Amino acid sequence: MKLDRLLAITMLLLNRKRISAKELSERFEVSQRTIYRDVETINQAGVPIVSYAGNTGGYEIMDQYRLDRQFLSLEELQSIIAGLRGIRATVGDQEIGALLDKVGALVAKSEQDPIAALNNQLIIDMNPWRGEKFGKEKLNDLRTAIRETRLVSFQYMSSQSEYTERTVEPMGIVVKGFNWYLYGYCLLRNDFRVFRLSRMKAVEVLNRTFIRKEETLEKLSYGWGKKEPPACIQLILHAQPNVRAQVEDYFQSEQIEELPDGSTRITAYQPDEPWLHGMLLSYGPSLRVLEPPHLAAIIKNKAKQIVQLYDNEH
């Protein structure tokens, strides 16, 4: 449609220093004569476009021109742009790329250098450290299922490393604590559930559709976030100086007491669950459980099992 093309050309000119008629014609798959007419139409609409001749010629919008951005500051625009770039890098969404063009069009050309400087100060990257194997295809398939209200089936690994076959009415995708989750209604459990995307295998979007439940994603997220926490136990730990950085990464400053020899004493409350054992073992011989005694015994026993595992190799 001509109107869509005119808007797209305007957005490009607002975001680029100079664009040739040839580049515009190739991008929009129309003749250069059509581009000439489009530029004239945009000019007549009040957008001041200047043309330059020669090998480096092309079209520009006057430096001081910008769309009304409704009193948004440069810092606020930069925050929006940084957030959109982070999402686009993760999901690879072309629609978000187009939205970035529109948001960028709110910045006057004379303000683009300050915006570029701000962009170098804040980067939002939601991609996991393990890289592209995270699976943009999986994420986009789930977004399609949510948008089209289609059931999804997959194999799901529990925290006990057991697989079950699930069929789910997907409701939304959420990022929490560096991990992506699918919120949905599980037909196996007949209840709402949260599924970690990294534990979902063989994801398939089915042709079967469903009627979306009335519960909103915000309400479900609030409810799950307010569940009764698991029973906690008091930990008293002693950590060597060489793991001070890891200790401060995980525990709060008021939970850490520095001792004269540079080591630390940690007093904290944590859920008495299996993942806690792995976390404590990750410090190796640089951390000792002082209390409670039953947890110290568990860590000691697991350490013995590790030693036996390697002893059995011979």
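The values are calculated or read from the model by the stated rules, or taken from the named source; none is laboratory data. Quantities reported herein were computed from a predicted structural model and do not represent experimental measurements. Here the Cβ positions follow ideal geometry from the backbone for every residue, glycine too, while neighbour counts run over all protein chains shown. Protein only, heavy atoms only, side chains kept; ligands, DNA and RNA dropped before computing areas. Shrake-Rupley method; radii C 1.70, N 1.55, O 1.52, S 1.80 Å.
If you filter the stretch 40-63 down to residues that are assigned to a strand (DSSP E or B), touching a Leu at 6+ places or on another chain (Cβ under 8 Å) and not aliphatic (A, V, I, L, M), you find that the one that is surrounded by the fewest Cβ atoms within 10 Å (Cβ to Cβ) is E60.
In the stretch 232-252 there is no residue that is in contact (Cβ under 8 Å) with a residue 40 or more places away in the chain, assigned to a helix (DSSP H, G or I), of a type in the set (F, W, Y) and on the phi < 0 side of the Ramachandran plot. The residue that is farthest from E204 (Cα to Cα), among those in the stretch 162-180 that are among the aromatic types (F, W, Y) and open to solvent by 50 Å² or more (accessible area, probe 1.4 Å), is F178. Look at the stretch 291-314: where a residue is assigned to a helix (DSSP H, G or I) and a partner is aliphatic (A, V, I, L, M), sitting 6+ places away or on another chain with Cβ atoms under 6 Å, you get L295/V289; A296/V289; I299/L280; I299/V289. Just so you know, in the stretch 257-295 the residues that are buried (at least 16 other Cβ atoms within 10 Å of the Cβ) and among the hydrophobic types (A, V, I, L, M, F, W, C) include one that is nearest to S161 (Cα to Cα), and it is L276.
Y310 meets each of the listed conditions (1) modelled with pLDDT of 90 or more; (2) loosely packed, with under 12 Cβ neighbours inside 10 Å apart from (1). Filtered by the rule that a residue be part of a helix (DSSP H, G or I) and open to solvent by 80 Å² or more (accessible area, probe 1.4 Å), the stretch 15-39 gives K22, E26, R27, R33, Y36, R37.
If you go through the stretch 230-244, how many residues are modelled with pLDDT under 90 and either surrounded by 14 or more Cβ atoms within 10 Å (Cβ to Cβ) or of a type in the set (A, V, I, L, M) (or both)?
So in the stretch 230-244, the residues modelled with pLDDT under 90 come out as 230-232.
Then keep just the ones that are either surrounded by 14 or more Cβ atoms within 10 Å (Cβ to Cβ) or of a type in the set (A, V, I, L, M) (or both); that gives 231.
So the count comes out to 1.
Every condition in (1) open to solvent by 70 Å² or more (accessible area, probe 1.4 Å); (2) under 30 Å from K136 (Cβ atoms); (3) at pLDDT below 80 holds for G92 except the one numbered (1). Selection of first residues in the stretch 39-61 that are touching a residue at least 12 places away in the same chain (Cβ under 8 Å) and farther than 15 Å from L12 by Cβ and of second residues that are in a loop (DSSP other than H, G, I, E, B) and of a type outside the set (G, A, S), restricted to Cβ pairs under 6 Å at least 6 apart or on distinct chains, gives the following pairs, ordered by first then second residue: P48/M62; P48/Y65.
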